[in-house]
Every structure is written in C-alpha cells, then in structure tokens.
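Each remark here refers to the structure printed beneath this line.
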Amino acid sequence: MSRVEKQVQQYMKVLEPEFLENLRWLHQHPEISFEEYETTAFIKEKLTSWGIEVQDCDTKTGVVALLQGTCEGPCIALRADIDALPVMEESTCPYPSLKEGMMHACGHDTHTASLLGAAHILASMREEIRGSVKFLFQPAEEINKGAKKLISLHCLENPKVDAIFGLHNSPEIPLGTVAVKNGPLMASVDRIEFTIQGKGGHGGIPQRNVDPIVAAASVILAAQSIVSRNVSPIDSAVVSICNVKAGEGTTNNVTPHEVQMYGTVRAYTEETRILLEKRLREITESVSTAYGCQGTLRYLRELGVTRNDPSLYDIAHEAVKAVGAEPVDPVPSTGGEDFSDYLEQGVPGFFYWLGTRNEEKDCVYSWHSPHFRADENCIAIGAGTYAMSVFQAIEALK
Ligand code: NI
C-alpha cells in the first residue's frame, strides 16, 4: 500500500464521525432544485473552514471551489449534486427530513456528504497534491438544469479541468461495493412531443370526420416496432409514450380535432439516437398521412449518454480498490444523469455508483420512493473514492 493510500484510509476512519454529522444535517434539511440556499451556505462554511477557496461564480445555489496543491499539474474536478425532491419522507431513517413535503429521496445528501468528506481529506493532504482539485457542488440535477448552469458560469475553466469524476448512490448494489463501468453507464434522455391533427365532428357520424385518435393509436403501436425491428438486437433503446391527450372532459360522442402525445426516448450511442429520431419522425408523418391526418414530431435532446471514458477506467478501478471497497461491473441503467453535460464539453469523465444496499437497515427501496434510505456507512467509501480518484488521475495525467 502506498503512503497516499494509507493516509487516505486513515482519514476515512478518523473523519468518519464528521462525515456522518454532515450527512445527518443534510438529510434533515432537504431543498429542491435551485432552492438549495441553506445547503449552499452549509457547504461554503465547511470548505472555507478547511482553507479551500470558494470561487465566486455568480450562482445563487451550488458551490464551485478550488484546492491548489503544492505545484502545477492537472486539474481534477469532483462533482456532487445537492438537490432534494418534493416527496414526503416515510423511511425508517432515524434522522428524517425536518421539512414537510421535501426529502432527499434520491440520496443526493450522500453525494454531498461524500464530496465534503473528500474535500476535508484532500485539504488535509494538500502537500501530496501535484496539481489542483475543483469541487463542483451542483444544484438542480433532478430537473436536468444544474450542470448546464455551472457550465455556463465557466466552472470547467480557471483552471481548465482535465478530468471529472462523479458518483451516485445505488440501492441495487451492496454497501462496500462500487460500480466501475467501462463505457456507457447511463442512457441519453430525449423528449418527444407529437401533434396529430384531423377534423373533428360528431362521434356518431364518423364518415364526416377525420379521426386523429385512430391515427394516434396506430402511431403508438408502430412506434413500438422501432426498438424491436430497427435497433440492433445487441444494442438497447427505449421508446415510451407516456401521456396522451385528446377530447374534452368525459365527452364520449365528439371526435376531437387533435391529439397530443408526450414521451421519452433512451439510447446508449449517438448512432442509435439518430436512428430513433429518424424512424419516429417517419412513422408519425406517414402513418398520420395514411389516415388522412397531419402528424408532426418535436424531438428535443435533453441529456447525452453518461459514457465513462476508457482512459480513466484503470484509474477508477484502482481508486476503488485503494480505499478497500470492492469494484463491481454493473448492468447499465436507462436512467439519465446531467453529469453527461460535462462530458459533452469534451472533458473525459468517470461516474461511479456507490453501493448503499443493506437489508438489515431497510436500505432497499429505489430512488424517489418515500421509503428510500441509504446506508450511511457509504459516506467514508464515497469520500475515499473521490479523494483517491484525484491522486490516481493526477499521477496518470501529469
Ligand atoms: Ni439522483
């Protein structure tokens, strides 16, 4: 074991009571996207007390901070999201939310506490850092806007970030494990909006109308053939139409003029994403035309693929082993992450899943459930993994 590894492991142990104190405060004070004021003040106070420079970047919530090492070298960014959800907590956590109707139901408190832990470890080991560390405490991940906000405020510059690491807790894998995936970990997320126009009229005299509902039903069914018939069986994709609107109230005898539908599309490669958009557009337009209607599709790209950079895989794998956790190879998720926004800026990045599952403590429920609970013993591992990623990456990139 190297000297640095030994030191990181020692700090993980010595500082753990503080990590847990921070986590408990954060868990009890959840704040929703772009309203993370108390959380922001809490983070700033902690960072400042450890001598880390909070960068003034004109954001009301969220914090960008910089820790300079002892010499010039690569700048490694560590990112944690800090926002909570409008969910009423019903978990068995012994320190539940003090704010009615708000809860860290996605466990972003574990990310914030882990990154604070890493900040304290790294500030204590400043002498060993041959470069610099940028801390990104990002607001508003839940609404896919926080990363874009920090990027627009030049968080990846001054100094320029050479690599970025992030993590999300996972109730799917046991405490003590960390998922380390080479390549795509989470999918791209696109929004689809359909408008199908016909000619409304009396539902009892259909021959006088052009029924957009029948056309919409055919579009919905035909869209299901894209994943089964156009996407390679070796690849993965999702097309879900989740919201269909037509007609007024409970009216049963009026054919409406128009149907509107909304859905979501997921993929793991740019090629598949382009294919999905092309086929959805063709189906919407030509199926609608076949029924005498006019169909249009709006295809809105919301998030890119969270693709772990192969050049950082060994670094990430070593970092996890160095803190005494077990690296595991996960099945990718069709969920999305706005961590992908940083990657789309051309910064190589790596995203971990931090194991938090523990049946004995009821830490089994999925993200966004009111029963969600993460095993708090994940914080030392999260903090250590962030910190070791910095040392491993600086060593490899310098
Ligand atoms: Ni989340």
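Looking only at region 98-119, how many residues end up being away from the ligand (no atom under 12 Å from the Cβ) and open to solvent by less than 10 Å² (accessible area, probe 1.4 Å)?
Our first condition is that a residue be away from the ligand (no atom under 12 Å from the Cβ); within region 98-119, this holds for 98-103, 113-119.
So of that shortlist, the ones also open to solvent by less than 10 Å² (accessible area, probe 1.4 Å) come out as 103, 113-119.
Residues in region 98-119 being away from the ligand (no atom under 12 Å from the Cβ) and open to solvent by less than 10 Å² (accessible area, probe 1.4 Å): 8 in total.
From Val219, Val178, which residue is farther than 17 Å from Leu303 by Cα, modelled with pLDDT of 95 or more and not in a strand (DSSP E or B)?
Working: Val178 fails: not in a strand (DSSP E or B).
One residue alone meets the criteria, Val219.
Can you pull out the residues in region 169-180 that are open to solvent by 10 Å² or more (accessible area, probe 1.4 Å) and within 14 Å of the ligand (Cβ to nearest atom)?
If the condition is that a residue be open to solvent by 10 Å² or more (accessible area, probe 1.4 Å) and within 14 Å of the ligand (Cβ to nearest atom), then Glu172 is the only one that fits.
Can you pull out the residues in region 122-140 that are open to solvent by less than 40 Å² (accessible area, probe 1.4 Å) and touching a Cys at 6+ places or on another chain (Cβ under 8 Å)? Show your work before the answer.
Going residue by residue through region 122-140, those that are open to solvent by less than 40 Å² (accessible area, probe 1.4 Å) are 122-123, 125, 128-129, 131-140.
Within region 122-140, Gly131, Ser132, Val133, Lys134, Leu136 qualify.
Out of everything in region 3-27 that is among the polar types (S, T, N, Q) and open to solvent by 50 Å² or more (accessible area, probe 1.4 Å), what residue ends up being nearest to Val320 (Cα to Cα)?
Let us first name the residues in region 3-27 that are among the polar types (S, T, N, Q), namely 7, 9-10, 22.
Now drop any that are not open to solvent by 50 Å² or more (accessible area, probe 1.4 Å), which leaves 9-10.
On the way: Gln9: 11, Gln10: 15 Å.
That would be Gln9.
Which one is surrounded by the fewest Cβ atoms within 10 Å (Cβ to Cβ) among residues in region 342-374 that are hydroxyl-bearing (Ser, Thr, Tyr) and within 15 Å of the ligand (Cβ to nearest atom)? Give the derivation first.
Initial filter on region 342-374 (hydroxyl-bearing (Ser, Thr, Tyr)): 342, 352, 356, 365-366, 369.
With within 15 Å of the ligand (Cβ to nearest atom) added as a condition, the list becomes 352, 356, 365-366, 369.
Numbers: Tyr352: 28, Thr356: 30, Tyr365: 18, Ser366: 12, Ser369: 16.
Among residues in region 342-374 that are hydroxyl-bearing (Ser, Thr, Tyr) and within 15 Å of the ligand (Cβ to nearest atom), the one surrounded by the fewest Cβ atoms within 10 Å (Cβ to Cβ) is Ser366.
Anything in region 269-313 that is of a type in the set (Val, Ile, Thr), surrounded by 15 or more Cβ atoms within 10 Å (Cβ to Cβ) and touching a strand residue (DSSP E or B) at 6+ places or on another chain (Cβ under 6 Å)? List them, or say none.
Matches in region 269-313: Thr272, Thr284, Val305, Thr306.
Yes or no: region 193-202 includes at least one residue that is over 17 Å from Ile76 (Cα atoms), within 16 Å of the ligand (Cβ to nearest atom) and open to solvent by less than 50 Å² (accessible area, probe 1.4 Å).
no
Give the residue that is farthest from the ligand (Cβ to nearest atom), with candidates limited to residues of region 47-91 that are touching a helix residue (DSSP H, G or I) at 6+ places or on another chain (Cβ under 7 Å) and among the polar types (S, T, N, Q).
Of everything passing the filter in region 47-91, Thr70 is farthest from the ligand (Cβ to nearest atom).
The values are calculated or read from the model by the stated rules, or taken from the named source; none is laboratory data. Values in this document were obtained by computation on a predicted structure and should not be read as measured data. Glycine also receives a Cβ, built like all others from the backbone with ideal geometry; neighbour counts cover every protein chain displayed. Areas reflect the complete protein model, heavy atoms only, side chains present, ligands, DNA and RNA absent. Shrake-Rupley method; radii C 1.70, N 1.55, O 1.52, S 1.80 Å.
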